[in-house]
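The values are calculated or read from the model by the stated rules, or taken from the named source; none is laboratory data. In this text, all values refer to a predicted model and were calculated from it rather than measured experimentally. Please note: Cβ atoms are built from the backbone with ideal geometry, for glycine as well, and neighbour counts cover all protein chains shown.
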Amino acid sequence: MMIDAFPPGVILVLGGLVLPFASTQIRYAIILLLPLYVLWSVWQIGDGIQLALPFLEYELAVVKGDALSRIFATVFAIMAFAGGLFALKQEQVAELAAAFVYAGSAIGVAFAGDLITVFIFWEIMALGSTMVIWAARTPESYKAAMRYLMIHLLGGVILMIGVIAHVADSGSITFQAMTPNSIGTWLILAGFLINAGAPPLTAWLPDAYPEGSFSGTVFLSAFTTKTAVYVLLRGFPGIEILIYIGVFMIFYGIIYALLENDMRRILSYSIINQVGFMITGIGIGTEMALNGAAAHAFTHIIYKALLLMSAGSVMFMTGGKRKCTDLGGLFQSMPITCICGIIGALAISSFPLTSGFISKSMIAQAAGDENLFFVWMCLAAASAGVFLHAGIKFPWFVFFQKDSGLRPKDPPWNMQAAMIFFAILCIGLGVAPGPLYDILPFSTNYVPYTVPHVVNQLQLLLFAGLSFFLALPLMKRTLTISLDWDWFYRKFGVWLVGFLTRGIVEMRRDVFAGLKGLVDRIISLAFSSHGPDGLFARTSAVGASVAVIVVMLMILVVAFYTNV
Amino acid sequence: MNDETELPKDLHWLVRPSTIKLLWRGGFVLLAILVLADFAIHPHAAFGIDGSFGFYSWYGLLTCLAMIVFSKFLAIFLKRKDTYYDD
């Protein structure tokens, strides 16, 4: 047993558990100050195992620091702070409490040095995030959270079996780079990928996240998928299959977001798209690619939260409107929300001078360095596609397009402050990437700003923008959704269970009818022989009886006489 | 509340037809300048095609149009009313 540090994630979890019992002032203080304290304590964690606890015959490395752990824990803590600020006045205190537990357990995963600790925090995360969705307190959010929980419990079980099998194989619980070459490691990989939103279980994300409250979805966007990116970065760097899974996710996100009408579902599909870039980078596996994946996770958390804060503000101020068909023209009355939303949109599209530019470029650069022509071409097309599906589509349909006649004001000061804070970070990291590059897992001298790179990126993006306005008639929003993998468990599964149980019901009815018929026949047979008029129940005269007995005796006498 | 009287009769300057026409023209000038900028820069192409003239311009335009058309094609099979899952 070794205690050199208290786990920073657990501080946040405990803070979350205290929240519901605190008075308003103390609650505000906890929400605003605790994440900053956690951020500070993240940077007190040195390299190597800092907290080891005995568990059964194993020694758990509950806190183990290195650069990769710290960069993820840092952005999780920053996210908890800004999300808390945004949700400060949220009436559902349970949501904030759950969000802090959720964020704290994500930090717990980032510092976990062994697979058992990873699993424990992994499961707390699943519960915390489900509670965040539930806190929206709508019938839709209740059902969506149940579906979400089912998928994540399934993922958790797969991960647990994988961990057990892996530990049985290797005898070590240490969480380090693995190769998927045994049942255990394959299942661990599958468990991680489920949380990343990888196919075939992609649909849990756009199904559940948009059902959170105006502030809940901001928290949801940050932790689950990015924790999955973290564990893949540490556990499976350079595994080739991840390149193809990542490329699939990139295009899946774009295509579905293009078809979507609900602004928060657009942004949810775009999370899968962005995580796809990171997973592709992890699959490429060079130092440049892994740095790119880590940097992109960092910047993505910030600009995606910013986009969802902007969408959440619109929802909050319009009484829950989420559909592009209901929105439009809001730039006139919500300038702060609109400008912050556009900054987030530019950052996700990797415009020069925004944070997305300095992070995503590293992944494309790595694909070029490794001569992966096909992957590089896909990444370039997808970069253009990001601008198309999120960068223009979200601001255009929410803040511009037609005038919906809605004139909501900008949201309360705390929500504006959270948006402005993240907008500044998006621009700041884009203008001065040095501090982010300094905390990456590998040292880098990558230079994002060269004249050709900037010009080429602008060409790619602005021509993508041209295609959006040329194809605007095709982009017209309709009151529709697109079938996704969740159809299999929301419709087909229900139908299948209905079909099979209907078969069982019919079979049971037939068997019972058959048995009843048999019993009826036995009863009627018994009735005919033993009933009031039955053969064996009839009465007969004494004389006749005596005559029968005499005849029988005579037959016996004759029979025995001859035999003797 | 009567929205009709509260809405300003004159359009916001950003959405007036004259402004929109100006934005389109400015946009095309910007795109033309960007394409022509390829003469001036010396890219460090990783593969060859990415260093050819106007590559990023046509590639961005065509792949995006392709993605839009492909999504519309998929929509034929996948689109449902947004009340599809409601009980």
**Message:** For region A:398-418, which positions are under 20 Å from residue B:16 (Cβ atoms) and either without any contact (Cβ under 8 Å) to a residue 12 or more places away in the chain or in a helix (DSSP H, G or I) (or both)?
**Reply:** A:399
**Item:** Residue tally, condition more than 14 Å from every other protein chain (Cβ to nearest Cβ) and more than 28 Å from residue B:69 (Cα to Cα), over region A:244-288
**Value:** 4
**Asked** For residue B:54, are the conditions met, namely being surrounded by 11 or more Cβ atoms within 10 Å (Cβ to Cβ) and at pLDDT 90 or above?
**Response** no
**Prompt:** So, of the residues in region A:463-520 that are among the basic types (Lys, Arg) and surrounded by 14 or more Cβ atoms within 10 Å (Cβ to Cβ), which turns out to be nearest to residue A:382 (Cα to Cα)?
**Reply:** A:477
**Message:** Against the conditions (1) in contact (Cβ under 8 Å) with a residue 40 or more places away in the chain; (2) in a helix (DSSP H, G or I), where does residue A:49 fall short? Just the number, please.
**Reply:** (2)
**Asked** Taking residue A:425, is it in contact (Cβ under 8 Å) with a residue 40 or more places away in the chain, of a type in the set (A, V, I, L, M, F, W, C), surrounded by 19 or more Cβ atoms within 10 Å (Cβ to Cβ) and part of a loop (DSSP other than H, G, I, E, B)?
**Response** no
**Asked** Taking region B:41-87 on its own, how many of its residues are in a helix (DSSP H, G or I) and within 7 Å of chain A (Cβ to nearest Cβ)?
**Response** 16
**Asked** Which one of A:448, A:452 is within 14 Å of chain B (Cβ to nearest Cβ), in contact with a His (Cβ under 7 Å, 6 or more places away or on another chain) and not aromatic (Phe, Trp, Tyr)?
**Response** A:452
**Item:** Selection within region A:326-360 - surrounded by fewer than 24 Cβ atoms within 10 Å (Cβ to Cβ) and of a type in the set (S, T, N, Q)
**Value:** A:332, A:333
